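Below is one structure; the comments refer to it alone.
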Amino acid sequence: MPLEVGQIIEGKVTGITAFGAFIQLPEGKTGLVHISEVAQEYVKDISSHLKENQLVKVKVLTIDQNGKVSLSIKKACDQKPPVFASKAPMEVEWNSSKNSADNVSFEDRLAKFMKDSDEKLHDLKKSMDSKRGNSGYRKSAQY
């Protein structure tokens, strides 16, 4: 059966280089898995992910005019798309006393938020100034 782009097949690692791994495919063909196509995460050393003679599933990415086969291990992995529940949006009664935080007005909540924010910012600046020294800024040298 000839190779086709998009096909997922099993092959054997026959060689490992700094830039990727050579995979022996059915019918005697050889393909290359580039180091960026080995795993979902960053791969610094391909030898930590693959060993020679290891059987791996690969996806055929491209086959060029010269017969070079580009492969991917990470795209051959079973990646299940996230499943989202298809529920209708929850009905919220905006005027109920449960949702209005003890019937405090928006302006009062905003004022409380601003006060808390200013206090946190003041504490952060105080902490940063103590790490830098007393002044918090540099004075230019006069010559």
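The values are calculated or read from the model by the stated rules, or taken from the named source; none is laboratory data. Being a predicted model, the structure only gives us computed values, none of them experimental. Positions of Cβ are generated from backbone atoms using ideal geometry, with glycine treated the same way; all protein chains shown enter the neighbour counts. Surface accessibility is based on the protein's heavy atoms, side chains included, excluding ligands, DNA and RNA. Shrake-Rupley method; radii C 1.70, N 1.55, O 1.52, S 1.80 Å.
For labels at VAL104 and LYS51 in the simple 7 Å Cα→Cβ model, what's the distance in nm?
Roughly 6.1 nm, to one decimal.
Residue by residue through the stretch 35-47, which ³J(HN,Hα) values in whole Hz follow from phi under the Karplus form 6.51 cos²θ - 1.76 cosθ + 1.60 (θ = phi - 60°), with glycine and proline marked x?
Karplus values, whole Hz, x for Gly and Pro: 4, 6, 10, 7, 8, 5, 8, 5, 10, 8, 10, 5, 5.
Equivalent ellipsoid semi-axes for the stretch 1-64, as square roots of 5 times the alpha carbon gyration tensor eigenvalues: give them largest first, rounded to whole Å.
Numbers: eigenvalues 77, 33, 18 Å².
With the √(5λ) rule applied to the stretch 1-64, the semi-axes are 20, 13, 10 Å.
What are the ³J(HN,Hα) couplings of the stretch 62-77, residue after residue, when phi is run through the Karplus curve with 6.51, -1.76, 1.60 and θ = phi - 60°? Round to Hz, x for glycine and proline.
Each residue of the stretch 62-77 in turn: 8, 10, 7, 5, 7, x, 6, 10, 9, 10, 9, 8, 5, 7, 8, 5 Hz.
May I ask you to give the percent of accessible area on the stretch 1-79 that is carbon plus sulfur, with a probe radius of 1.4 Å?
On the way: 2570 of 4980 Å².
So the carbon and sulfur contribution to the accessible surface is 52 percent.
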